[in-house]
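Notes to accompany the following structure.
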């Protein structure tokens, strides 16, 4: 009987929501611009259609996790926002994509009027090419902001990720011929315009985000946001491990700095796990043999592919993850040493490129700032300039061992990783591109009055501390403060987000005054 009653309630909720939606459509017919209508089914929690048209907010699903209430929103936005400066676009100006936002409040604030009265924090995820985390319980910084800080938290799936018209491998291959143009609209400038669209629809034209929090690439996006809209849209900006290197016109120079960070982390790793130094030497040689090492998923494991596992060294728990991969990486059968099936299985699961291909394709484009040059495989060029140090099978490694590489997308990935092979032409076209528009208005950034705090990690292997401090000192506005620490890796917000966010907010509201 309960199931039948729930079905009946759901049908009534859907019918009621459709009626409200049709009424709103009629009321908005003569507006000439995209309108927002809202339908809510908080009590019945029945799923409505997630499709969008006319820019409306399809708020059709809400559900509870312990201590929190979650509301889903979907908006239709232009693929190419009209106020962005792109040369000779050929895609029709009416083409739209869906942007998905998940709103999270404490259970006590789930009523619509209460939610809309709260201060709002927008979160910009790291990447590029990753969706926001899916909240399962009240713990962590999201629950802390929602319950203890009494805020409304908005989690944006950046365009092309999660439920925001995901750019899947299948879509990339199906529409390969148009991807050279399409993907240029998936950078920070377009993401910022999406944020502005959401702000105006969810908060209103005149209301600002109280807080925008940007982690890693999300901080790059937030820097673009500050340089385009600043205090017009944002009261308080928090950047965690996410200050972009604005002084380097060639991203190769940024990667050169990061390689030195990776070298330091490699030495730390071998100091902690000295046996792994010898395992890496043998593993690199096994994977450099004439007979290719190929996994069941069709991925080739080369010596350089093993070297690229150093990505782990920059994240919380990454040392342990890499060690557990390596400890049983080599086995012996009939007196012959070979790469183990256990290691090959772990290798297949290591990179996220199969589910998040934009992370690979757009990786170096995030550094391009309208200087008329191409990225041209910047990380690879930085490695080649240091070839003797980073040759994974060079005998001169001696006591230092094989040096790892870090968060770098390298051209051989598109030859060796089966899920990237079909995207090689698209990747190359993006690497060759020279007409990237500017992402930052540096003059406006220098004068931006938004209260801004930057958490910078001294041992960050993904965003160089020295380059970040240079930007803070030369480009960030007059109200910036820095929280510099070596307590955390790049993923500090995942390790101790509550403490880091509280520290940054305290710095900006003067409860932790200048000293």
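General observations
- Residue in segment 47-55 that is in a loop (DSSP other than H, G, I, E, B), modelled with pLDDT under 95, under 25 Å from the mean Cα position of the chain (by Cα) and surrounded by fewer than 17 Cβ atoms within 10 Å (Cβ to Cβ) present: yes
- Some residue of segment 156-167 being surrounded by fewer than 23 Cβ atoms within 10 Å (Cβ to Cβ) and over 17 Å from the mean Cα position of the chain (by Cα): no
- A search for C-beta distances below 7 Å between a residue of segment 309-320 that is at pLDDT below 95 and any residue that is surrounded by fewer than 20 Cβ atoms within 10 Å (Cβ to Cβ) and assigned to a helix (DSSP H, G or I), counting only pairs 6+ apart in sequence or on different chains, returns 316/494; 316/495.
- Residues (part of a helix (DSSP H, G or I) and free of Cβ contacts under 8 Å to residues at least 40 places away in the same chain) located in segment 161-187: 170, 171, 174, 177
- If only residues of segment 453-466 that are under 20 Å from the mean Cα position of the chain (by Cα) and not in a loop (DSSP other than H, G, I, E, B) are counted, the one that is farthest from residue 213 (Cα to Cα) is 465.
- Scanning segment 374-388 for residues that are in a helix (DSSP H, G or I) and either within 11 Å of residue 405 (Cβ to Cβ) or under 28 Å from the mean Cα position of the chain (by Cα) (or both) returns 378, 379, 380, 381, 382, 383, 384.
- Test: residue in segment 145-160 that is part of a helix (DSSP H, G or I), under 14 Å from residue 102 (Cα atoms) and modelled with pLDDT of 95 or more: yes
- Some residue of segment 439-450 being over 19 Å from residue 221 (Cα atoms) and part of a loop (DSSP other than H, G, I, E, B): no
- Within segment 442-456, considering residues that are touching a helix residue (DSSP H, G or I) at 6+ places or on another chain (Cβ under 6 Å) and surrounded by fewer than 16 Cβ atoms within 10 Å (Cβ to Cβ), the one nearest to residue 415 (Cα to Cα): 444
- Within segment 218-238, being part of a helix (DSSP H, G or I) and either farther than 29 Å from residue 315 by Cβ or out of contact with any strand residue (DSSP E or B) (no Cβ under 8 Å at 6 or more places or on another chain) (or both) holds for 224, 227, 228, 230, 231, 232.
- Look at (1) closer than 20 Å to residue 465 by Cα; (2) not assigned by TED's automatic domain parsing to the domain that holds residue 404 and you find that residue 212 fails only one, number (1).
- Filter result for residue 190 (in contact (Cβ under 8 Å) with a residue 40 or more places away in the chain and surrounded by fewer than 23 Cβ atoms within 10 Å (Cβ to Cβ)): no
- Filtering segment 195-229 to residues that are under 24 Å from residue 430 (Cα atoms) and either in contact with a helix residue (DSSP H, G or I) (Cβ under 8 Å, 6 or more places away or on another chain) or surrounded by fewer than 22 Cβ atoms within 10 Å (Cβ to Cβ) (or both) leaves 217, 220, 221, 223, 224, 225.
- Of 100, 75, 71, 130, all but one fail to be in a loop (DSSP other than H, G, I, E, B) and modelled with pLDDT of 95 or more; the exception is 130.
- Matching residues, segment 395-411, being closer than 20 Å to residue 313 by Cβ and part of a loop (DSSP other than H, G, I, E, B): 401, 402, 403, 404, 405, 406, 407, 408, 409, 410
- Test: residue 143 is surrounded by 17 or more Cβ atoms within 10 Å (Cβ to Cβ) and more than 24 Å from residue 361 (Cβ to Cβ): yes
- Taking the listed residues 297, 328, the one that is in contact with a helix residue (DSSP H, G or I) (Cβ under 6 Å, 6 or more places away or on another chain), surrounded by fewer than 21 Cβ atoms within 10 Å (Cβ to Cβ), assigned to a loop (DSSP other than H, G, I, E, B) and free of Cβ contacts under 8 Å to residues at least 24 places away in the same chain is 328, with no other qualifying.
The values are calculated or read from the model by the stated rules, or taken from the named source; none is laboratory data. Note that this is a predicted model, so its numbers are computed, not measured. When we count neighbours, we look across all protein chains shown, and the Cβ atoms used for this are built from the backbone with ideal geometry, even at glycine.
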